[in-house]
Structure formats: C-alpha cells, structure tokens
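Undergrad: My structure is below; once you've seen it, I'll send some questions.
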Amino acid sequence: MTHSLTFTGHARAMLRERGIDPGWVERVVQTPEWTEPDPGDPTVTRAFGRIAEHGGRTLRVVHIDDGMGRRIITVFFDRTRGSGPPGGPS
C-alpha cells in the first residue's frame, strides 16, 4: 500500500540544506531496509535505507503515520548507521 507523504517545514528545510532528494525519502519510507520506533515516542518511526546514489550512506527518515498518510518529521544521513542495522550484517 502506498501512503501519501507530507513534509513538515523542518523536513523541507533539511532536504534543501542537506541536498537530499525527496525521491530517496519516499523510497526509504515505502521500502525501508529496517525500521525502529523512536525511543522518545513510540508513535514515531525511524526508517533507514542505504542510498546507492549517495555513496551507499544510510538515510534516516523520521516519520509518523497520521492516518491519512505519513508525515515526514526530519531526514538526515545517519553517520551512526553507515553499515546497516545494529547487530546486522555490514
């Protein structure tokens, strides 16, 4: 099932500031390599995916499912998850 994506003002600013393609965000949210709940709020999901077009770096997309779609809260290349999920293969 495809969900519509909306971006908060902060997320839009991060896309511009960090040179992140919105298509990468959509790809990671729709087909993440792995996800985890946000430790501060279990209604918030962290989705991760490596971006081949950006040297294989791991993109973290923090989002919430608001019932109408997914609201992107923030997005960034996660230096702590460069090789994949914790405890997973590199």
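Undergrad: If you go through the stretch 41-61 one residue at a time, how many are in contact with a Gly (Cβ under 7 Å, 6 or more places away or on another chain), of a type in the set (D, E, K, R) and under 16 Å from GLU26 (Cβ atoms)?
TA: Going residue by residue through the stretch 41-61, those that are in contact with a Gly (Cβ under 7 Å, 6 or more places away or on another chain) are 50, 57-59.
Within this subset, residues satisfying the condition of being of a type in the set (D, E, K, R) are 50, 57.
Filter again for under 16 Å from GLU26 (Cβ atoms), leaving 50.
Total meeting the criteria: 1.
Undergrad: Within the stretch 1-25, how many residues are free of Cβ contacts under 8 Å to residues at least 40 places away in the same chain, of a type outside the set (A, V, I, L, M) and outside any helix (DSSP H, G or I)?
TA: 3
Undergrad: Then there's this: Would you please name the residue that is surrounded by the fewest Cβ atoms within 10 Å (Cβ to Cβ), looking only at residues in the stretch 62-71 that are under 15 Å from PRO42 (Cα atoms) and hydrophobic (A, V, I, L, M, F, W, C)?
TA: ILE64
Undergrad: Identify all residues within the stretch 26-65 that are more than 19 Å from ARG12 (Cβ to Cβ), outside any strand (DSSP E or B) and among the charged types (D, E, K, R); write none if there are none.
TA: If the condition is that a residue be more than 19 Å from ARG12 (Cβ to Cβ), outside any strand (DSSP E or B) and among the charged types (D, E, K, R), then GLU33, GLU53 are the ones that fit.
Bear in mind these aren't lab numbers, they're just calculated from the coordinates by the rules spelled out. Not measured: the values here are computed from a predicted model. FYI the Cβ positions are ideal-geometry reconstructions off the backbone, even for glycines, and counts take in every protein chain you see.
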